[in-house]
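Working notes, beginning with the structure itself.
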Amino acid sequence: MSARGLALGLLLLLLCLAQNRRLQARGPSELGPLWLSESIVFSQSCVWYGECGIAYGDKRYNCEYFGPPKPLPKDGYDLVQSQFLNVTATEDYVDPVTNQTKTNVKELQYFVGQSFANAMYNACRDVEAPSSNDKALGLLCGKDADACNATNWIEYMFNKDNGQAPFTITPVFSDFPVHGMEPMNNATKGCDESVDEVTAPCSCQDCSIVCGPKPQPPPPPAPWTILGLDAMYVIMWITYMAFLLVFFGAFFAVWCYRKRYFVSEYTPIDSNIAFSVNASDKGEASCCDPVSAAFEGCLRRLFTRWGSFCVRNPGCVIFFSLVFIAVCSSGLVFVRVTTNPIDLWSAPSSQARLEKEYFDQHFGPFFRTEQLIIRAPLTDKHTYQPYPSGADVPFGPPLDIQILHQVLDLQIAIENITASYNNETVTLQDICLAPLSPYNTNCTIMSVLNYFQNSHSVLDHKKGDDFFVYADYHTHFLYCVRLLSVAQIKVKKNEGGRDQNYNNATALVITFPVNNYYNDTEKLQRAQAWEKEFINLVRNYKNPNLTISFSAERSIEDELNRESDSDIFTVVISYAIMFLYISLALGHIKSCRRLLVDSKISLGIAGILIVLSSVPCSLGIFSYIGLPLTLIVIEVIPFLVLAVGVDNIFILVQAYQRDERLQGETLDQQLGRVLGEVAPSMFLSSFSETVAFFLGAMSVMPAVHTFSLFAGLAVFIDFLLQITCFVSLLGLDINRQEKNRLDIFCCVRGAEDGTSVQASESCLFRFFKNSYSPLLLKDWMRPIVIAIFVGVLSFSIAVLNKVDIGLDQFLSMPDDSYVVDYFKSMSQYLHAGPPVYFVLEEGHDYTSPKGQNMVCGGMGCNNDSLVQQIFNAAQLDNYTRIGFAPSSWIDDYFDWVKPQSSCCRVDNITDQFCNASVVDPACVRCRPLTPEGKQRPQGGDFMRFLPMFLSDNPNPKCGKGGHAAYSSAVNILGNGTRVGATYFMTYHTVLQTSADFIDALKKARLIASNVTETMGINGSAYRVFPYSVFYVFYEQYLTIIDDTIFNLGVSLGAIFLVTMVLLGCELWSAVIMCTTIAMVLVNMFGVMWLWGISLNAVSLVNLVMSCGISVEFCSHITRAFTVSTKGSRVERAEEALAHMGSSK
């Protein structure tokens, strides 16, 4: 590259800044083809002309020349006037072609007007490089754009150390003549002014003056306070105090009234019918009582006959029960377990899922990520001292050269991993992301070691003499990070923001992008096979100097599978403990001699197996249908069924144990009568839970939907097996006990002790009957209990809106998972947000000026265009969570195709595309260098050159080639006649918590909606939508509150209807029961807030399960109260609590 390309090209740039829109981060040689107004061509002698001598590499010296001015060649500038240039050093050079001695220019001074330099800087400071999402000055100034100014910009461009200038150019800034030299101080135009009739002013994206006032985000909503305190706390405190005042006031008024007129709540009711809670203390039955009594009698007779049948025919009942279990469980051969996180958390019909499908179909799925975060905990920071001058530069521990060598060894080992799939070898080269293929098939590896060509020898390369080292890996690293946008090195966030000095890095991040495949299972499994070997290598990698956190694309799914396997052990332990408890609690052992006779070990085993068998039955039935399982089903339902099933076992067995066999009554008649008493209660609770769960399956959340279906069926099958198989087994066990045979060893008869099986009461029953129930229902205790529970309810309501929403990623993993460490390291060290794509669906016209202006972000584009609105959003990054201006393929295409650029060339014979690096006289510009040619391409021209742009690889002479950046961003349809779906990529800001991710999704959709509206395509067949890989996981939280209210509300409504019907239209019983369950659910939210549990699909499943278990506890006591024949409400409550509460 000639000095002309650097010094003259760049400084001529200063004269035409106003027309230089959307600078691209490219080599300085491309900045040469900018015109110089004829007004600055003077008659004075010149400084140099032509080229002579090689400076280094491809950099050439210019020949000293003092002759008269010469006409400008059409392809560039070969001279500059000595009015503002002063040559300070030259050397002689012998031209090997002409053998003439020429003089090279080695150093010169350039006199630049300070006001001109400032005007140039002000015109260019906002210019964006669209493909890199960064300010162009950040790439041309040698430092971050925020630290760049007019002076250090020009100084860096003239500095030989920048690797581009062939010799030193010393700028002298002054607005007045210096040493007889007239500073270059030409007139400039602002970025908001047109240079000529053809060129429009810069866009808002490149010129903040055009934008007007910077948009301001809406103020955050003010916290709801009363007198400076949280409003919910204040309201609930006042409400609770008012309740206590009214409640206790009414209580004492009623107490005084009753005491005065000697009216007692314990007045007996002279009736033996089952009075409802609606009945008054005087025994007056309500209008619903006949219906309730008739329905109760019907259920009692039905279950009595069924119980007697089961006891009389145990063999038949048990056999058909086992056949039923076997047939249902056989469906497990068709079982499919869903471990794909997308299927677990996102419904197929959800907006995010449909948008993901659209993106994957049109652009291909987002690549698979294999990532390592590497620290060097045993290595200290070190300081690099540049020679011969310069400030000391600190370097973080991972940038020690020995650490870099060790990291490189690990990186090379990963590159050499081989895996086997279907007897074929799979290497990284087979599956990696290669964006420049087929011209360049090298794998993309995002690593700092790329700066050293991934070579140990390059890393060790030094330049110096016997005494000093002038350059080594330190200087090379500092040079690279000044020029490149570093995505491979992340540093910890300081209190004031992100540290941009990458030499202070505390961790290295190496990323291996791997191709993902849409609907190609074979290729996907090949990638997964390689990932498995990657995980094995890194997990087994031992190096005391390195601490490595890592993750592969398959890691989360693998760990979820491992967690489900480990949960089997937890389920087994739980059932074993419950078996032990049942065996001890069910048996009423009267003496040591009757220990093995009165024990219920075999019955306990049978009961547990019956409970457990309902789970595979439910799984098998739905597996027949083809409904896949989820981990939540496998982990939660066994415990739910265990709680419900064991409760029913205790109710049935203890009801028999407390019952006296009537005179002349056989065992089957007794057990039938007992079942007739308790089975309606079991039916009420089980049917209520089943209906509630099945209605909960209306949820669109996959986790809740699947859980509700499986849970509802499992609870109902458990009930069926208990009133059939378990009743028959209970009859057999009682027969064994009455015949004095040993438990387990039923063929062995125990010693006769003259005792027979008699009714007995458990210790827990006696405690409830004699102590707990009377105490709880005393006149003075009941209002205290109500006051306490209303207080807890008030607190729970007060914190209801403070429960967090979301699910931190590490909570979904086993505690010992390597992925947990990766999540923590990612949160601590990574400070780049995830990419977000704004997708414009198929249907937009890109070939017309109107359609282009609606989308692009450069000169002439609408101020509310798609690109411009995303750019505006990036200016409010703290509010919108959009971190950068978007990469705009259409703006880069316009820059690429313009005739002033050397990018778009075609062979004038074959009409084939010529890459900018091709040297061939037959290659000519795509468009003429005329006013018409400088306009944007439209119609056929737009479509003619677009495929060339998308196939052009970037190179030093043209950094705008769109193959690497945009080849997948644009769909070309109809044999190259029209553009289909496209996307514009940017990045979110750093997102660390669930709230951040949820807000980012919400704001991105808001931006896309505004773009769709301003483009005027609302109601059309296409729209703009945002897509990022995490949207499918976090979309559920946008509606989680509505889903929670819906699911719990539907469950409560179902429980109310079933309870009212099965209790014979007992309205108040159903109301009180549902109110109690609602209080339990609200209190669960209070517990969630206290324990820091957030609201998500997992906790919603547990809330639905809590609703079911609450039914189990409330329904039995409610029914026992309604059928009690005691004399008063208190006595009926005591009886219900003693009989049913002790069995819970």
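Is it the case that V80 is among the β-branched types (V, I, T) and either at pLDDT 85 or above or out of contact with any Ser or Thr (no Cβ under 8 Å at 6 or more places or on another chain) (or both)?
yes
Are any of the residues in the stretch 440-454 modelled with pLDDT under 90, in contact with a strand residue (DSSP E or B) (Cβ under 8 Å, 6 or more places away or on another chain) and not hydroxyl-bearing (S, T, Y)?
No, because not a single residue in the stretch 440-454 is modelled with pLDDT under 90, in contact with a strand residue (DSSP E or B) (Cβ under 8 Å, 6 or more places away or on another chain) and not hydroxyl-bearing (S, T, Y).
Among the listed residues C287, C207, which satisfies the condition of being at pLDDT below 80 and open to solvent by 80 Å² or more (accessible area, probe 1.4 Å)?
Within the list C287, C207, the selection yields C287.
Within the stretch 664-679, identify whether any single residue is closer than 22 Å to A326 by Cα, in a loop (DSSP other than H, G, I, E, B) and open to solvent by 20 Å² or more (accessible area, probe 1.4 Å), and answer yes or no.
No: zero hits.
Filter the stretch 527-551 for residues that are closer than 19 Å to I431 by Cα, of a type outside the set (A, V, I, L, M) and out of contact with any helix residue (DSSP H, G or I) (no Cβ under 7 Å at 6 or more places or on another chain) and give the result.
Q528, E531, K532, E533, N536
Filter the stretch 927-951 for residues that are over 45 Å from the mean Cα position of the chain (by Cα), within 22 Å of G976 (Cα to Cα) and of a type outside the set (G, A, S) and give the result.
Result: R927, single match.
Inside the stretch 399-426, can you point out the residues that are surrounded by fewer than 16 Cβ atoms within 10 Å (Cβ to Cβ) and closer than 22 Å to N516 by Cβ?
E415, T418, S420, N422, E424, T425
Identify, by number, the condition in (1) in contact with a strand residue (DSSP E or B) (Cβ under 6 Å, 6 or more places away or on another chain); (2) at pLDDT 70 or above; (3) more than 19 Å from T170 (Cα to Cα) that K135 doesn't meet.
All conditions pass for K135, except number (1).
Any idea which of (1) modelled with pLDDT of 95 or more; (2) buried (at least 17 other Cβ atoms within 10 Å of the Cβ) is the one G396 doesn't satisfy?
Condition not satisfied by G396: (1).
I'm trying to understand the selection: among the residues of the stretch 514-552, which are over 23 Å from K824 (Cβ atoms), not aliphatic (A, V, I, L, M) and not in a loop (DSSP other than H, G, I, E, B)?
Passing the criteria: T521, E522, K523, Q525, R526, Q528, W530, K532, E533.
For L742, state whether it is in contact (Cβ under 8 Å) with a residue 40 or more places away in the chain, surrounded by fewer than 24 Cβ atoms within 10 Å (Cβ to Cβ) and touching a strand residue (DSSP E or B) at 6+ places or on another chain (Cβ under 9 Å).
When the stated conditions are applied, L742 passes them.
From the list S827, S794, which one is of a type outside the set (A, V, I, L, M, F, W, C) and within 22 Å of L991 (Cβ to Cβ)?
Among S827, S794, only S827 is of a type outside the set (A, V, I, L, M, F, W, C) and within 22 Å of L991 (Cβ to Cβ).
Suppose we keep only residues that are open to solvent by 60 Å² or more (accessible area, probe 1.4 Å) and farther than 23 Å from I651 by Cα within the stretch 752-774. Which one would you say is modelled with the highest pLDDT?
Step by step, filter the stretch 752-774, then rank; the result is E752.
Which one is surrounded by the fewest Cβ atoms within 10 Å (Cβ to Cβ) among residues in the stretch 370-392 that are among the hydrophobic types (A, V, I, L, M, F, W, C) and at pLDDT 90 or above?
L378
Looking at I169, I238, which one is in the same structural domain as Y121 (by the TED database) and either touching a strand residue (DSSP E or B) at 6+ places or on another chain (Cβ under 8 Å) or open to solvent by 70 Å² or more (accessible area, probe 1.4 Å) (or both)?
I169
Just one of (1) closer than 24 Å to T199 by Cβ; (2) open to solvent by less than 30 Å² (accessible area, probe 1.4 Å); (3) assigned to a helix (DSSP H, G or I) trips up V855, so point out which.
Only one criterion is unmet by V855, namely (3).
Take A187 and tell me if it is modelled with pLDDT under 90, closer than 30 Å to L85 by Cβ and not charged (D, E, K, R).
Answer is yes for this residue.
The values are calculated or read from the model by the stated rules, or taken from the named source; none is laboratory data. Quick caveat, the model's predicted, so the values are computed rather than measured. So basically every Cβ, Gly included, is an ideal-geometry build from the backbone, and we count neighbours across all protein chains shown. Heavy atoms of the whole protein, side chains included, go into the accessibility calculation; ligands, DNA and RNA do not. Shrake-Rupley method; radii C 1.70, N 1.55, O 1.52, S 1.80 Å.
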